[in-house]
1. Are any residues in segment 22-40 in a loop (DSSP other than H, G, I, E, B) and touching a strand residue (DSSP E or B) at 6+ places or on another chain (Cβ under 6 Å), and if so, which ones?
2. Out of all the residues in segment 63-71, is one or more touching a residue at least 12 places away in the same chain (Cβ under 8 Å), surrounded by 11 or more Cβ atoms within 10 Å (Cβ to Cβ), farther than 23 Å from residue 14 by Cα and under 14 Å from the mean Cα position of the chain (by Cα)?
3. Looking at (1) surrounded by 11 or more Cβ atoms within 10 Å (Cβ to Cβ); (2) closer than 25 Å to residue 14 by Cα; (3) in contact (Cβ under 8 Å) with a residue 12 or more places away in the chain, find the lone condition where residue 35 falls short.
4. In the list 54, 91, which residue meets the criterion of being part of a helix (DSSP H, G or I), crowded, with 16+ Cβ neighbours inside 10 Å and either in contact with a helix residue (DSSP H, G or I) (Cβ under 7 Å, 6 or more places away or on another chain) or in contact (Cβ under 8 Å) with a residue 24 or more places away in the chain (or both)?
5. Look at residue 19 and say whether it is over 16 Å from residue 65 (Cα atoms), at pLDDT 75 or above and either in contact with a strand residue (DSSP E or B) (Cβ under 8 Å, 6 or more places away or on another chain) or not in a loop (DSSP other than H, G, I, E, B) (or both).
6. Can you confirm whether segment 76-84 contains a residue that is surrounded by 11 or more Cβ atoms within 10 Å (Cβ to Cβ) and within 15 Å of the chain's Cα centre (by Cα)?
């Protein structure tokens with residue numbers, strides 16, 4: 001998340017992280033119900049930067065706000081392609097718990 005603030009040099013320079021998360025596509029290419037734009041391997045939705053992936057039997061999701069102040073990683077032994085609605089419910093509950101924690105702290 002320090003990379004989102006362009007303050008980490010662990011893997012890339014701050015400018016390198018800026019390029020990684022910056023919008024890469026012209027307006028209107030990404031369907032608006034999917035995302036605002038894409039970074040390099042990252043999806044941008046409003047103030048959120050995220051990346052998801054899956055393989056047989058597992059699904060992952062990493063999401064944080066563009067300021068780099070908060071976020072979460074979700075790793076499950078649940079293949080989202082077999083039960084998309086179930087996986088979305090798990091992701092919703094985790095996101096809700098994170099938001100409630102941030103509001104209380």
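The values are calculated or read from the model by the stated rules, or taken from the named source; none is laboratory data. All values reported here derive from a predicted model rather than from experimental measurement. Cβ placement follows ideal geometry from the backbone for every residue including glycine, while neighbour counts extend to all protein chains displayed.
1. Step one: list which residues in segment 22-40 are in a loop (DSSP other than H, G, I, E, B), which gives 22-36, 39-40.
Within segment 22-40, 23, 24, 25, 30, 35, 36 qualify.
2. Checking segment 63-71: not a single residue is touching a residue at least 12 places away in the same chain (Cβ under 8 Å), surrounded by 11 or more Cβ atoms within 10 Å (Cβ to Cβ), farther than 23 Å from residue 14 by Cα and under 14 Å from the mean Cα position of the chain (by Cα).
3. The failed condition is (3).
4. Result: 91 is the single residue among 54, 91 that is part of a helix (DSSP H, G or I), crowded, with 16+ Cβ neighbours inside 10 Å and either in contact with a helix residue (DSSP H, G or I) (Cβ under 7 Å, 6 or more places away or on another chain) or in contact (Cβ under 8 Å) with a residue 24 or more places away in the chain (or both).
5. Yes.
6. no
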